[in-house]
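Bear in mind these aren't lab numbers, they're just calculated from the coordinates by the rules spelled out. Keep in mind the model is a prediction, meaning the values are calculated, not measured. When we count neighbours, we look across all protein chains shown, and the Cβ atoms used for this are built from the backbone with ideal geometry, even at glycine.
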6 protein chains.
Amino acid sequence: MTYDALVVSAHPDDAEVQMGGTIAKLVGDGLRVLLVDLCDGEPSDFAVAGERVAQAQRAAAILGADRVFLDGQDRLLTDTLSLRLQVAALIREHRPRMVFGTTDACVHPDHAAVGPLLSAAVFYGRLDHWQRVPGGELLADTAPWNVERLFFPHCKMEPPWGRDFAFAVDVSTTYDRKRAALAEYGSIFRVEEGDRLLTLYEAEDAYMGRLFGVAYAETFKSQSPLLVTSPTVFLPALHA
Amino acid sequence: MTYDALVVSAHPDDAEVQMGGTIAKLVGDGLRVLLVDLCDGEPSDFAVAGERVAQAQRAAAILGADRVFLDGQDRLLTDTLSLRLQVAALIREHRPRMVFGTTDACVHPDHAAVGPLLSAAVFYGRLDHWQRVPGGELLADTAPWNVERLFFPHCKMEPPWGRDFAFAVDVSTTYDRKRAALAEYGSIFRVEEGDRLLTLYEAEDAYMGRLFGVAYAETFKSQSPLLVTSPTVFLPALHA
Amino acid sequence: MTYDALVVSAHPDDAEVQMGGTIAKLVGDGLRVLLVDLCDGEPSDFAVAGERVAQAQRAAAILGADRVFLDGQDRLLTDTLSLRLQVAALIREHRPRMVFGTTDACVHPDHAAVGPLLSAAVFYGRLDHWQRVPGGELLADTAPWNVERLFFPHCKMEPPWGRDFAFAVDVSTTYDRKRAALAEYGSIFRVEEGDRLLTLYEAEDAYMGRLFGVAYAETFKSQSPLLVTSPTVFLPALHA
Amino acid sequence: MTYDALVVSAHPDDAEVQMGGTIAKLVGDGLRVLLVDLCDGEPSDFAVAGERVAQAQRAAAILGADRVFLDGQDRLLTDTLSLRLQVAALIREHRPRMVFGTTDACVHPDHAAVGPLLSAAVFYGRLDHWQRVPGGELLADTAPWNVERLFFPHCKMEPPWGRDFAFAVDVSTTYDRKRAALAEYGSIFRVEEGDRLLTLYEAEDAYMGRLFGVAYAETFKSQSPLLVTSPTVFLPALHA
Amino acid sequence: MTYDALVVSAHPDDAEVQMGGTIAKLVGDGLRVLLVDLCDGEPSDFAVAGERVAQAQRAAAILGADRVFLDGQDRLLTDTLSLRLQVAALIREHRPRMVFGTTDACVHPDHAAVGPLLSAAVFYGRLDHWQRVPGGELLADTAPWNVERLFFPHCKMEPPWGRDFAFAVDVSTTYDRKRAALAEYGSIFRVEEGDRLLTLYEAEDAYMGRLFGVAYAETFKSQSPLLVTSPTVFLPALHA
Amino acid sequence: MTYDALVVSAHPDDAEVQMGGTIAKLVGDGLRVLLVDLCDGEPSDFAVAGERVAQAQRAAAILGADRVFLDGQDRLLTDTLSLRLQVAALIREHRPRMVFGTTDACVHPDHAAVGPLLSAAVFYGRLDHWQRVPGGELLADTAPWNVERLFFPHCKMEPPWGRDFAFAVDVSTTYDRKRAALAEYGSIFRVEEGDRLLTLYEAEDAYMGRLFGVAYAETFKSQSPLLVTSPTVFLPALHA
């Protein structure tokens, strides 16, 4: 089955925290989105084993996305050939137009691993003749696929990007859905008590939104520079 | 009369060189564009007085834009209150959604003056009560106007921006029109002889285009960060 | 009379918006603070002439600071010799250890003028022999004074600085006072109605604070690199 | 036993070269400091095996710090899981408020490995449930610990940071001690002959110091932005 | 045998694409140049196995350089100890004054591996006593060698460096030779049909050249800052 | 009379402090150098009026350069049309291949004015038809002249540039001459007493030199990117 977008994250909940509003927008526009978590997020602090995966599946359902888990080990994720090939295999199978994933992360080492891993996977996806590459057989039976765009949502464990991001997405209309998806992670966030991290995350989205005069916005960097058909695609800024 | 976009430049031909393809695209999409030159470009090397203004009017007509000239002095342009107010007055009169102008220029001092002048003019345009500001009477009788976006095309006397621009516009379909507009400046460019500057300018647009796998692209910075409704507005990149 | 700190701003309310919490902290620590507004902020949208100055004086009183107004013209402030000398004269008169003022502003031209003006004024303040400088007589009768530190609070009309600031000040304990001071500007902010700008400003302070695990923080750049006696002066970060 | 600060370096002598003056200051202020060298520095050019470790222990004693050596291989240090866990174990054992270590190094590959390794180790240190992480058992029996601050001294094999560092520490009063500690490394530095490297190192500290009008200063970057209680914690600059 | 310069690349054709004109210039000036490809470039899309190596040897001959191939695996190159030591061994054997190699690459993971690998190899090359380093025996029998300069040509899969490179080399006089060398790679580039990639590559060299008023230029970054005997070594710029 | 290089500075002694060693090298290589001070440096702290100009002339003689003074006012220098035209007139009269001048200065406002002033003057110098520009008559009777290169020495009142400069010049062989030239400014520097500023200045040159393994080096930025005939023009670095 094909997907229009793959969102590749280190852990369950990263995709929602970083770009849950954008995922809901893409789905609302009729695109098919697959969330790919590089591990199952175990061990988790307040959950019995397996509970976090179930939470993640419910959160994906709320956003209208599908979800798969790779077999990486939480905390010990690095940019390995095995994970590169697994992600590349998913890209060739699902032929997405866009791929999303964490970049510029230096607090959590798992997050730091995603950016280079994803760049390599997108590149591997477009190459042919893997049957002749020792160790690359996983890709031997699938056809090359060119991803159009690789985008990177902001990791909320890092300081804000300030002015240094490529674009923001207005997610005001889908923010309720993002909030609902995050609330599924009951073993991570104490929603009723005004969870400190959730409040910080929402404060970031609200603050970036206010800079544009909208309620909420999520920010992204881009692997390649942006190209548009016309500057009219951009929404107004608060101060031009 | 209202315009959708004002393109403010130091000299006649700057607008065409920097973003002629984008102007033609905007016009082709049904937008009304006004070119504002801060001076008449006199003295010019190989033209009799007044010839350059006539060339500029023909070039604007080819692009489908209107054109006005302010009374600045070529070579001696600086960020003066008088020019700020004149541009602000045009903004209030024509109520554009977008304003464009040169920034980050350090070779030609006239170009260097445009960026701060334009930021101030856009800001002046939105303020009220000018009748109470000594020296600001020029804006006293017009209503405030909020420009949605201030964008800056690349000045071709400067080194390329490399990766450091906000977005590029695919101008492949309107590049012939840009070329035709520039050819009107017969006293500046020796078109038949393969003018060195024209060739350099086109080489930049072609090179930036090839980075995206299209024929020609013009690059822009932005006063404020970019906001979009969805990441799907961006065209494919050559390498994702 | 001497002051420990001068806070130089373009308009009444800039000092409070940018660093009201820090001003209150300095005063609370027993330092004497003088607010210097380069103009009286007229014309103001919803106030009768003179009302804004009265609001500003009340706001200063709430913060525990004194306040003076220079004779610049709101909207038309630029980096002039006259304003440089006036600020330098205040520096020599009041002999502050620290000077604060706006920098890196590109939305409001008045704000953009403050940074270079202030650098020059601080430098003028330390020079001798002004009686021999034609045009510099204003400083002839005062003794040179070396300011120890020139700091720049973040201008809230600009995008956030992201990671690119020198230090933040924890203003959680004095934030109520900042809020109260801002509330005095009844002709600018609609406090009861949840003023859009005030909400944005507070969102920035809260967001920066949360990055450190505190309620509110104000961010600053520094003219010169920072020097400390020991790295123990820094408060904990959320993620080390 | 707890320590207030851990200083993690690739080789014996790195800690002293990079921040010997700051270590002596911390110790002088009553803090307990542990130096952690990722390897024993063998082979060394002019020393018999084991001599360098003895030199390092004497140097630590001069600074008033304790010292341990991990089992990495000089020249072949990389950011491995094993070293991450070993450092994290030391953090959990000694519960330091501050951790220091090399960053931004691109000349010596051992130095280049320290920054990401240390970020990961500090993060690992704060996580719980390691008994459920295959390969992470080394941390299973110790309690999580939150480091308050991760700072990075300048690597003296690299060009100076210019303006781009977070803060400098005035080490004028402890510089003699730094010099004495470095002199213990007789097999590396030819102290009597005016060792070329030692002279370069001291020139950097003296030059950075002079920028502030003090005798010697050591410069640091910071993992997270700086937070202070008041801007009064900063010492005067030479030019404000 | 000694060489004056080693050019280390991921794949056959990288050296020619990135700096073929500079290689031809060095050779033309009487220097001896060795091209070192970290792999043999297999599998290649349109070539039978072994054909690409033959093409590479012919291309080197056209440039006047020698060529060797290491045993890395195309697509799976990473910064391994084995490759570091192999390159260091070549450096000690051939004692070059200059080493060149790719940096700042994020599209092709093989290219991304070259920069850190090369920095380490150059550093390993200068160290002694490898017989005492377990795993480092490959270097035990060769004498240390100090490379004078490590330079990085621009990877043409990346966006241009804009203003942010150390220097450009005027390769106008040797560009025919570069073009001829690239034409040998008949299984990669469709020369007769106006190959899209070749056209993009030449457009970059031409564009960078025109910025200086010359026909073609190749751009380089530098591991260390540049030092010259006099500023007169620099050729004229188009706009000073 | 023609000169090969013009060195344009705010004050007498700036040229020597910033690039005295390079001036002596250029002269030693047979180039003719003219120092242009924008003002006479009055008032000066410990000199009677006119003494500083005499000191400056002696210093220039020691370096082997000629010297002229423009009529700017020390402390009040700004980027005026008058100074632009005066410098442009000198450029057209003396037809230098290279022009040098301060940039990136934010401590002393006089220094901050030099960079943009000089860029404009170099550009004015190459334009024709000034007789038709009201206010530009000063250039009417001289022929246009294209400067090849505009370089900017480091202002020693600013923090070091770290890695961010274009090139350094090895001035070890001419440093005695620089020291002798500076010693002529007896009313500014207390040479015998180990003047604090002189010591700081020399510390910078020594420190930058040591980074390359030479005794002294002066650092420069460049208006345009650097172009060379071959990478062999660069001297060795300490760490490649």
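With the simple model of a label 7 Å out from the Cα in the direction of the Cβ, C:LEU197 to D:TRP145 spans 5.0 nm.
Can you tally the net charge around E:ASP141? Count Lys and Arg as +1, Asp and Glu as -1, for every other residue whose Cβ sits under 11 Å from the Cβ of E:ASP141. Net of charged neighbours comes to -1.
Projecting label points 7 angstrom from Cα along Cα→Cβ for D:ASP164 and B:ASP176 puts them 4.7 nm apart. The Cα atoms of chain A define a convex hull whose projected area, averaged across directions, is 13.2 nm². Take every DSSP beta bridge whose two residues both sit in chain C; close to 30 percent of them are antiparallel.
Given charges of +1 on the Cβ of Lys and Arg and -1 on the Cβ of Asp and Glu, with all other atoms neutral, how large is the dipole of the protein assembly as shown about its Cα centre, in debye to the nearest 20? Kindly include the intermediate steps, with their values, before the conclusion.
Values: 132 positive and 198 negative charges, 1 e Å.
That gives the protein assembly as shown a dipole magnitude of about 0 debye.
Tell me which GluC sites (Glu not before Pro) from the range F:72-178 have a DSSP coil assignment and no more than 10 other beta carbons within 10 Å of their own. Mind dumping the intermediate values first?
On the way: sites: F:GLU93, F:GLU137, F:GLU148; in loops: F:GLU148.
Answer by residue number: there is no such site.
Our summary gives the range C:65-148 a relative contact order of 35 percent, counting only alpha carbon pairs under 8 angstrom and 6 or more residues apart. Dipole magnitude for the range C:142-240: about 200 debye, using +1 per Lys or Arg Cβ and -1 per Asp or Glu Cβ, origin at the Cα centre.
Taking the label point 7 Å along Cα→Cβ, B:PRO116 and its counterparts in the other copies are spaced 0.3, 0.3, 4.3, 4.3, 4.3 nm apart, in ascending order.
Neighbours of C:VAL171 by Cβ distance under 15 Å: Lys/Arg scored +1, Asp/Glu scored -1, total -2. If one puts a single equal scatterer on every Cα of the protein assembly as shown and applies the Debye formula without solvent, what log₁₀ I(q)/I(0) results at q = 0.04, 0.08 Å⁻¹? Treating every Cα as an identical point scatterer, log10 I(q)/I(0) equals -0.24, -1.12. Computed over the range E:46-88, the percent of Cα pairs more than 15 Å apart is 56.
Just need the relative contact order of chain F here, percent rounded to a whole number, with Cα pairs under 8 Å and 6+ apart.
Details: 449 pairs, mean separation 55.6, N = 240.
Reported as a whole number, the value is 23 percent.
For the range A:102-240, taking Cα atoms only, Rg and Dmax work out to 18.8, 56 Å respectively. The smallest convex shape that holds all Cα atoms of the range F:178-240, its convex hull, gives 126 Å³ per residue.
In nanometres and ascending order, the distances from the A:GLN131 label point to those of the other copies are 5.1, 5.1, 8.1, 8.4, 9.7 (point 7 Å from Cα along Cα→Cβ). Summing Lys and Arg as +1 and Asp and Glu as -1 over all other residues whose Cβ lies under 11 Å from the Cβ of C:LEU85 gives a net charge of +2.
In vacuum, with every alpha carbon of the range E:43-181 counted as one equal point scatterer, what does the Debye formula give for log10 I(q)/I(0) at q = 0.12, 0.18, 0.22 Å⁻¹? Two decimals, please. Debye curve over Cα of the range E:43-181, log10 I(q)/I(0) at q = 0.12, 0.18, 0.22 Å⁻¹: -0.60, -1.28, -1.48. Of A:PHE152, A:PHE100, A:PHE123, the residue with the greatest mean-square motion in the GNM of chain A, using alpha carbon springs below 10 Å, is A:PHE123.
How large is the dipole of the range A:62-133 about the Cα centre if only Lys and Arg carry +1 and Asp and Glu carry -1, each at its Cβ, rounded to the nearest 20 debye? Present the calculation step by step, with values, prior to reporting the outcome.
Values: 8 positive and 8 negative charges, 62 e Å.
The calculated dipole for the range A:62-133 is roughly 300 debye.
Amide H neighbours of F:LEU70 under 5 Å, at least 5 residues apart or on other chains, H built in the peptide plane: list them. Correct list: F:ASP37, F:LEU38, F:CYS39.
Spin-label model, B:GLN73 to E:ALA61: label points 7 Å out along the Cα-to-beta-carbon direction sit 6.8 nm apart.
Just the ratio, please: alpha-carbon radius of gyration of the range F:19-106 over 2.2 N^0.38 Å, N its number of residues. Please report the intermediate quantities before stating the final value.
On the way: Rg = 13.9 Å, N = 88, 2.2 N^0.38 = 12.1 Å.
Cα Rg divided by the expected 2.2 N^0.38 Å: 1.15.
Here the translational diffusion coefficient of the range A:138-192 follows from Stokes-Einstein with Rh set to the Kirkwood radius across Cα pairs; for 25 °C and 0.890 mPa s it amounts to 159 µm²/s.
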